[in-house]
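Please read the structure below before turning to the comments.
The values are calculated or read from the model by the stated rules, or taken from the named source; none is laboratory data. The structure presented is a predicted model; accordingly, all values stated were derived computationally and were not measured. Here the Cβ positions follow ideal geometry from the backbone for every residue, glycine too, while neighbour counts run over all protein chains shown. We work out accessible area using only protein heavy atoms, side chains counted, and drop any ligands, DNA or RNA first. Shrake-Rupley method; radii C 1.70, N 1.55, O 1.52, S 1.80 Å.
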Amino acid sequence: MTITPVRITETPEWKALAEHQRSLAGRHLRELFADDPTRGETLTVDAADLHLDFSKNRLTAETVRLLAAVAERAGLRERIDAMFAGEHINVTEDRAVLHVALRAPEGSSITTDGRDVVPDVHAVLRDMEDFARRVRGGEWRGHSGKRIRAVVNIGIGGSDLGPKMAYEALKDHTDRSMVFRFVSNVDGSDIWEATCDLDPAETLFIVSSKTFTTLETLTNATTARDWLLAGLGDRSAVAKHFVAVSTNAEKVREFGIDPANMFGFWDWVGGRYSYDSAIGLSLMIAIGPEAFRDMLAGFRAIDEHFRTAPFERNLPALMGLIGVWYYDLWGAGTQAVLPYDHYLSRFADYLQQLEMESNGKSVTLTGEPVDLPTGPVVWGTPGTNGQHAYYQLIHQGTRLIPADFIGFLHPHHRVGTHHDLLMANFFAQTEALAFGRTREEVEAEGVPAAQVPHRTFAGNHPTNTLLAPALTPRVLGELVATYEHRVLTQGVVWGIDSFDQWGVELGKALAQRIVPELTAEGSPELRHDSSTNALIRRYRAARAG
Ligand SMILES: O=P(O)(O)OC[C@H]1O[C@H](O)[C@H](O)[C@@H](O)[C@@H]1O
């Protein structure tokens, strides 16, 4: 598919937005709220179970109208339609981008390259469900007949971050009689820690890799197999203790896993968009097939909303456009994501790959340099911990840091007054960030003059507030789909390919070259730069000693 990206900065829609930004540049959120006391109710949008209040942003209803016009002009409507139609919108890899098919209802149809993929998706889902039920029910047993008590997912990047994040997020819905671990790092400490207290007879490894060629995953899987065989002493044990999730049956077989024990997916699922495919098998075993289906329904509800809602009322599109507004017109370089739910401890890690691998690009679809800053640095940790660590910089530092606050009306556990305290902090932070505390207010409190500048809060720090009833499987699906579509929205405005990741290759290739330089007999000659040469020599000396 040929997509000619729009040079958005040259369009009248962008120019009108830039002009409008200048008119807002000197205005404080205090003034915007004073001008329009209803904005806390009007600058909001609901989609499925999510309520987005975007009123505490440096914008007005006019901004929203102009941002929506930019999205139209950039071709977002056409790109959404092309994505859902299975067209090859991943231009540089010439592939469809169909994570939305992973949650399409049975009986619907999405065709790409002449094939309806929805029946394939449901066939794999049924296999996963059957397997998950057998493991959870104790029917699938280990080689020596013992019940499986531990599930270890081995994968990295998209084959790790999604299932790990979702497992943590939905921990309260998991089978607590089982243990779930996620191994990703090629640092041997990861697999060592994950297995050191497990019984091989009760352990199931799920080797998850789209390509089944990833160095880290294959190294960890080999180590896991050695560990299993050392414990059980019989090569045929692999069949009961190893399953694979991949698109590459040949490599799975080569590794020694029977393709009958493989759960497939397809090249039209990007790694970072894949945890609702078979890559989520460990998650499904943890939470059960019904909860997994609920999660898919959540994804689907947001897909439908994103596909059909006008951009001015489109929650993921608005989040994307508000991001563009800050990164490209106000000079913000980062995006904080601050969930006030302890179980979302891995959410920012997951979003880092989703957003930064997708939109960390500097050329357009046609290979020209982009004309605007692209993807922000995404980071965050669950509240309230960050309040006692880095929020100081958001409140009183010199950088503009747009932040998404994510909170839930109902707690997982009714523990004393904890939830009220958590949510009081949640509401207080966005209020403090927006409105701050003026010099006059500080002085009126009788603060000593020398301290006044230090205790004055400028405010005007923008935030989105996302509120949902509770962090259920369904709501998690809604949240993740929101961020997936936020990424597409921004990528379309920037005219980039949000679905390739060529930038990961160089480091991988160099590492492959360096491995024999560290390990080969006779210390082969080094031909790197002087820094890399010296560092490798230092390592070799330590290794030899
Ligand atoms: O699932 P795999 O093929 O093992 O890939 C795992 C990860 O590695 C690569 O380096 C990519 O940058 C990621 O997008 C991918 O998720």
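For segment 142-173, give me each residue that is touching a residue at least 60 places away in the same chain (Cβ under 8 Å), within 17 Å of W227 (Cα to Cα) and away from the ligand (no atom under 16 Å from the Cβ).
G142, H143, S144, V151
Can you name every residue in segment 251-304 that is surrounded by 20 or more Cβ atoms within 10 Å (Cβ to Cβ), acidic (D, E) and within 16 Å of the ligand (Cβ to nearest atom)?
D276
Considering segment 363-388 alone, what residues qualify as being in contact (Cβ under 8 Å) with a residue 60 or more places away in the chain and either among the hydroxyl-bearing types (S, T, Y) or in a strand (DSSP E or B) (or both)?
Those that are in contact (Cβ under 8 Å) with a residue 60 or more places away in the chain and either among the hydroxyl-bearing types (S, T, Y) or in a strand (DSSP E or B) (or both): V363, T364, T366, T374.
Any residue at all in segment 270-293 that is of a type outside the set (V, I, T), touching a strand residue (DSSP E or B) at 6+ places or on another chain (Cβ under 6 Å) and over 21 Å from R147 (Cα atoms)?
Yes, that holds for at least one residue.
Please verify whether E31 is assigned to a helix (DSSP H, G or I), without any contact (Cβ under 8 Å) to a residue 12 or more places away in the chain and not aliphatic (A, V, I, L, M), treating the condition exactly as stated.
So E31 passes the test.
Could you list, in sequence order, all residues of segment 498-510 that are touching a residue at least 24 places away in the same chain (Cβ under 8 Å), away from the ligand (no atom under 11 Å from the Cβ) and open to solvent by 10 Å² or more (accessible area, probe 1.4 Å)?
Once the filter is applied, which keeps residues that are touching a residue at least 24 places away in the same chain (Cβ under 8 Å), away from the ligand (no atom under 11 Å from the Cβ) and open to solvent by 10 Å² or more (accessible area, probe 1.4 Å), segment 498-510 yields nothing.
Return the only residue of A224, A230, A237 being under 25 Å from K164 (Cβ atoms), modelled with pLDDT of 95 or more and either near the ligand (Cβ under 10 Å from one of its atoms) or not β-branched (V, I, T) (or both).
None of the other options fit; the residue is A224.
Given the residues L422, L476, L467, L409, which is the only one that is aliphatic (A, V, I, L, M), closer than 30 Å to D276 by Cβ and either open to solvent by 80 Å² or more (accessible area, probe 1.4 Å) or over 28 Å from the mean Cα position of the chain (by Cα) (or both)?
L409
Identify, please: which residue in segment 195-214 is of a type in the set (S, T, N, Q) and either part of a strand (DSSP E or B) or more than 16 Å from the ligand (Cβ to nearest atom) (or both) and is, among those, farthest from W268 (Cα to Cα)?
The qualifying residue farthest from W268 (Cα to Cα) is T195.
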